[in-house]
Amino acid sequence: MKRIFKFTALILATTIIVVSCRPKKFSDIGDVSSKTKGIQDNWILSHAYVVDEAFATPDKLDITDFYKTKTLPTLKFTETGFTALTTGTVKNYFGTGTGTWSFDNTDFPKSLYINYSDNSKDTFLLGSTIRTTDLVLKLKKTFYYTKGTAKKIAYSYIWEFTRQN
Amino acid sequence: MKKFIILVTIIIAAFIKSNAQAAWIEPGPTTDVTSVCRIYVDLSKITNTSLDGLTGPFYMWTWNPRELPANDPNVNGTGTQPWKNSNDNLKLTPDPSKGPKVYYYEMIPTDFYGVNKGDVYSKGISLLVKPKDGGGYGAPDLKSEDLNIKVNAPIERDTIYTLPKCAYTDEILTIMYNNPVERNTGMSNLGAEDCYLYIKVTLSDATTVEKASFFDVGTVPALKMTKITEGLFSGQFKLTMIPREFLAIPNGKTIVSAQFIVRRKDFNGGPDRSAGNNDLKYFECK
């Protein structure tokens, strides 16, 4: 009887070990998280940087303190609409402040296109992915100047907006 | 054993020396890679012997700072076997004035590679030299070893500088004071509460504007610079503004040049101010 008990215990222990060591099956990761839904929210500026593209090693300087001396800009994205509240901010970089928006690629966007209400257009690079779970929207805009006939890169701004719930 | 070690050391040193001289960029030792440069190769200094006896023409094959794609006019090679058909655009030119086996390729690196200059300085330029048909596909390769050229950036910033360098009257501008490299020892290790900026600008109508006279600067809180305590600019001071607003510049006028001097809050003579007058003449990016 004692031997049967020992044998059963051994079988049981072996089974538990083997089962617990079996790799888990990968579950379906589901659909690609929607970026077009991810951006639809209200956003407020949390950090701002200037990048001196004209230097050999472009250096990024934090200028958030300067932005905080006045009202912080906010952005609002609806399904297709765009609104920027820039009154009282240090400077407006969002045209007329109203218009429509789109991505260059709805699943894996790299650029954000804004068509303002006066039909002018703007392009911002996305600094990171913008799923519904992402709390920060990073936008980058680069400025150029002309020297002779050559177009030269000058500087960029990077703005980080925090999702407002 | 001692003789053997010395011999090996000499051989290694000779190898490093010869390899270092096989390829270089001019002008040097610092190079503005947004202007015309020459990439030089001295085939008498390369270590790979597969080009021995060949008289050219020779071609550059390059992949750093960026390997150009198949549709680029300066792609390394064309056709189904690019290694056997170097691009005629990459043909090297002999320069007998520098040596019987010295060749060069002239380019503006940022334009040629389609990169910004930071990429050229950080990655350098990598290339090898080959005849139009580089062999291979079962035959021995005909090529130099990989040649890596380090490209040094010019020192572009003064003790006081603007960030961005490309400054506009109506854009956000930060005046930076690099206190750690200050030449005036009286200003060394400036305290966080002791750094003030004198700023005088000359406008497009030749009039000048200053926020406060040099001697009053220490009493104007708006001219106090903020010390940066962490990151890339640690130890430096900054003052961010939009010049038109900060200096009350009338509409229709723009800044042509600016003079910056940094001083202590209490000024008692030469040791209490930054060295030089720091005239900046590149407002409006001209």
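The values are calculated or read from the model by the stated rules, or taken from the named source; none is laboratory data. Being a predicted model, the structure only gives us computed values, none of them experimental. Ideal geometry is used to build each Cβ from the backbone, glycine not excepted, and the neighbour counts take in all protein chains shown. Quick note on the areas: whole protein, heavy atoms, side chains included, nothing else; ligands and nucleic acids left out. Shrake-Rupley method; radii C 1.70, N 1.55, O 1.52, S 1.80 Å.
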What is the average number of partner chain Cβ atoms found within 10 Å of a Cβ in B:31-43? 1
Cα-derived Rg to Rh of the protein assembly as shown, Kirkwood definition: 1.11
Shielding of A:45-54 by other chains, given as the mean Cβ count within 10 Å, works out to 4
Label point 7 Å out from A:Lys76 along Cα-to-Cβ: which residues of region A:151-165 have amide N under 18 Å? A:161-165
Ranked highest first by average number of other Cβ atoms within 10 Å, how do A:142-149, B:25-32 line up? B:25-32, A:142-149
Kirkwood Rh over alpha-carbon pairs of region B:150-286, then Stokes-Einstein at 37 °C and 0.692 mPa s: what D in µm² s⁻¹, rounded to an integer? 214 µm²/s
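Roll a 1.4 angstrom probe over the protein heavy atoms and tell me the percent of accessible area of chain B that is carbon or sulfur.
55 percent
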Extension gain (nm, one decimal) between B:Thr226 and B:Gln81, 0.36 nm per residue minus Cα-Cα: 46.3 nm
Per residue value of the accessible surface for region B:22-127 (all protein chains in place, 1.4 Å probe), Å²: 46 Å²
Can you list residues from other chains, or at least 5 along the same chain, whose modelled amide H is less than 5 Å from the amide H of A:Tyr93? none
Can you give the Rg and Dmax of chain B based on its C-alpha atoms, in angstrom? 26.7, 81
Given H placed on each backbone N at 1.01 Å, which residues far from B:Ala23 in sequence or on other chains put an amide H within less than 5 Å of it? B:Asp42
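Between beta-carbons, use under 9 Å as the cut-off and find the net charge around B:Cys37, counting Lys and Arg +1, Asp and Glu -1.
-2
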Carbon plus sulfur fraction of accessible area for region A:35-164, probe 1.4 Å, in percent: 50 percent
Expected 222 nm ellipticity per residue - DSSP helices of 4 or more, -39500 (n - 2.57), all of chain B, to 500: -3500 deg cm²/dmol
In Å², and per residue, what accessible area does region A:35-164 have when probed at 1.4 Å with the other protein chains present? 48 Å²
Accessible area (Å², per residue) of region B:160-282, counting only protein heavy atoms and a probe of 1.4 Å: 43 Å²
Rounded to the nearest 100 Å², what's the accessible area chains B and A bury against each other, both chains counted, probe 1.4 Å? 2300 Å²
May I ask you to order B:174-187, B:199-212, A:41-54 by the average number of other C-beta atoms within 10 Å around their residues, highest value first? A:41-54, B:174-187, B:199-212
Helix B:2-22 vs. chain B, principal-axis angle (Cα, 0 to 90°, nearest 10): 70 degrees
Using mean Cβ contacts within 10 Å as the protection proxy, how do B:221-232, B:162-173 order, highest first? B:162-173, B:221-232
Which one of B:Asn178, B:Pro94, B:Ala212 has its Cα pushed farthest toward the positive end of the charge dipole of region B:92-213, where Lys and Arg give +1 and Asp and Glu give -1 at the Cβ? B:Pro94
Considering only C-alpha atoms, what is the centroid distance from region B:121-198 to region A:106-120, in Å? 33 Å
Enter the mean number of other protein chain beta carbons within 10 Å of the beta carbon of each residue in B:113-119, as an integer. 3
B:Leu51's amide H: which non-local residues (gap 5+, or another chain) put their own amide H closer than 5 Å, with H modeled 1.01 Å from N in plane and none for Pro or chain starts? B:Lys143
In sequence order, calculated HN-Hα J values of region B:67-81 (Karplus, 6.51, -1.76, 1.60; Hz; x Gly/Pro): 7, 6, x, 4, 8, 7, x, 10, 4, 4, x, 10, x, 6, 10
Using a Förster distance of 25 Å, the FRET efficiency for B:Asp170-A:Leu125 (Cβ separation, nearest 0.05): 0.60
Net length gained if the chain between B:Thr30 and B:Asp266 were fully extended (0.36 nm per residue, minus Cα distance): 81.0 nm
